[in-house]
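The values are calculated or read from the model by the stated rules, or taken from the named source; none is laboratory data. This one's a predicted model, so the numbers in the text were calculated from it and none came from an experiment. Neighbour counts run over all protein chains shown; Cβ positions are idealised from the backbone, glycine included.
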Amino acid sequence: MNKFAKIVAVISILLIFISSCTDKTPASPYGDLLSKPPYTSLTDSIKQEPDNDELYFKRAVLLNTNELPEPSLDDFKKAWSLKKDERYAFGIGNLLLDRKPDSAILFLREAIKELPASNLLQLTLARAYETQNKNEEALVLCNSILEKNPQQVDVLKMKASLLDKKGNSSEAISILEKAYAITPFDAELNYELAYKYAETKNPKVLSLCDSLIKKDSLKIHAEPYYYKGIYYSNTGNKTAALNQFNEAIQHDYYYLNAYIEKGRIYFEQKKYTEALKVFELANTISATFPDAYYWMGRSQEAMGQKEEAKLNYQRAYGLDNTFTEAKEAAARL
């Protein structure tokens, strides 16, 4: 090797050594993915500024948007290790909540020690508790948040849900009414309150649903008619209930719950043929709706068609393995 070649070789080695020293970014198991678009520019920036927490956060959000939770979680964790920011902890907590609720609880407890004033993290922890059926712990957190911020509608809605699980329907409705007074324009909240009114035979559902119908200028929402139908059915006015369920179906042909409730009225009236036709129509609209199969089975069993009924019970349970009524009905036959 001549003198010039030796100099080139030494320089090359030095450049490699310098490059390895200046690149502080640890090797990632997702290196190939992160080196490709749309992550290339962020990855290059991270190599230049490995201690910039905001860059990891931006890449984490992009990864999560593209439904890549594992590398997204890694980036959220890296951002959190660099700076205790609520956004980073929320990202970690949410991703863990979907996959490892126990781990989410452990992480969020520690994160709240770092950021004790974060209502967002406390609410996320309450949701994690709820997924693990630790409803009392979740309720304590909700109450703690509401003591400081009584106008938090999301927390009020969660508290109402937790109270309802405890069987305290009247207090749950009272909490929902407080939330409604704060945000009467929240459609989801309107529907939730209307359903609770209907289930508890509270006539307030009628005026609430009428107000929703007036606001529906395009006449496309089936829900107000459906909830009125539930109320009338629960209070024994089956004719009025049928009229409301028919209105719901006219406003939204694909509103399957209205078919089920309509068919159930015929079933209770022992009009099994009419009931079966309604449930079959729901099944035609959606062949993956387990309730339709179940009620087809109930109607067929009532008419003595036991083989067909058993098959439909099995189909219902096959689509939803938490549908214990369908499983038990099939076993009975």
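Some observations on this one:
- The criterion of being surrounded by 15 or more Cβ atoms within 10 Å (Cβ to Cβ) and β-branched (Val, Ile, Thr) holds for Ile230.
- Summed over the range 307-329, residues that are in contact with a helix residue (DSSP H, G or I) (Cβ under 7 Å, 6 or more places away or on another chain) and free of Cβ contacts under 8 Å to residues at least 24 places away in the same chain total 6.
- Boolean, Ile46 is surrounded by 15 or more Cβ atoms within 10 Å (Cβ to Cβ), of a type in the set (Val, Ile, Thr) and farther than 29 Å from Asn119 by Cβ: yes
- Taken together, Lys310, Lys306 contain a single residue that is surrounded by fewer than 18 Cβ atoms within 10 Å (Cβ to Cβ), basic (Lys, Arg) and touching a Leu at 6+ places or on another chain (Cβ under 6 Å), which is Lys306.
- Restricted to helices (runs of 4 or more DSSP H) entirely inside the range 86-137, those with at least 2 residues that are over 19 Å from the mean Cα position of the chain (by Cα) and buried (at least 17 other Cβ atoms within 10 Å of the Cβ) are 86-99, 101-114.
- Matching residues, the range 43-57, being more than 14 Å from Lys77 (Cα to Cα) and part of a helix (DSSP H, G or I): Thr43, Asp44, Ser45, Ile46, Lys47, Gln48
- Meets criteria (more than 19 Å from Leu120 (Cβ to Cβ), surrounded by 15 or more Cβ atoms within 10 Å (Cβ to Cβ) and at pLDDT below 95) for Tyr30: yes
Let's see how each residue does on (1) over 25 Å from Glu199 (Cβ atoms); (2) aliphatic (A, V, I, L, M):
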{"residue": "Tyr232", "(1), (2)": "no, no"}
{"residue": "Leu256", "(1), (2)": "no, yes"}
{"residue": "Gly318", "(1), (2)": "yes, no"}
{"residue": "Thr322", "(1), (2)": "no, no"}
{"residue": "Glu325", "(1), (2)": "no, no"}
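- Listed by first and then second residue, the pairs linking a residue in the range 281-297 that is over 11 Å from Tyr259 (Cα atoms) to a residue that is of a type outside the set (D, E, K, R) and assigned to a loop (DSSP other than H, G, I, E, B), with Cβ atoms under 8 Å apart and 6 or more places separating them unless they lie on different chains, are Ser286/Tyr254; Pro290/Phe323; Tyr294/Phe323.
- Unique residue being at positive phi, surrounded by fewer than 18 Cβ atoms within 10 Å (Cβ to Cβ) and more than 32 Å from the chain's Cα centre (by Cα) when the list is Lys277, Lys270, Lys238: Lys270
- Long-range neighbours under 9 Å by Cβ, at least six apart or interchain, first residue assigned by TED's automatic domain parsing to the domain that holds Glu188 and within 11 Å of Glu261 (Cα to Cα) within the range 227-240, second buried (at least 23 other Cβ atoms within 10 Å of the Cβ) and polar (S, T, N, Q): Tyr227/Gln244; Gly229/Gln244; Ile230/Gln244; Ser233/Gln244
- Filter pass, Tyr129 being of a type in the set (Ser, Thr, Tyr) and closer than 25 Å to Ile105 by Cβ: yes
- The range 159-170 residues that are crowded, with 17+ Cβ neighbours inside 10 Å and at pLDDT 95 or above, paired with ones that are among the acidic types (Asp, Glu) and in a helix (DSSP H, G or I) (beta carbon under 7 Å, 6 or more apart): Leu162/Glu130; Leu163/Glu171
- Boolean, Asp75 is free of Cβ contacts under 8 Å to residues at least 40 places away in the same chain and touching a Phe, Trp or Tyr at 6+ places or on another chain (Cβ under 6 Å): yes
- Helices (runs of 4 or more DSSP H) contained entirely in the range 146-203, each with at least 1 residues that are in the same structural domain as Gly229 (by TED's automatic domain parsing) and among the basic types (Lys, Arg): 187-199
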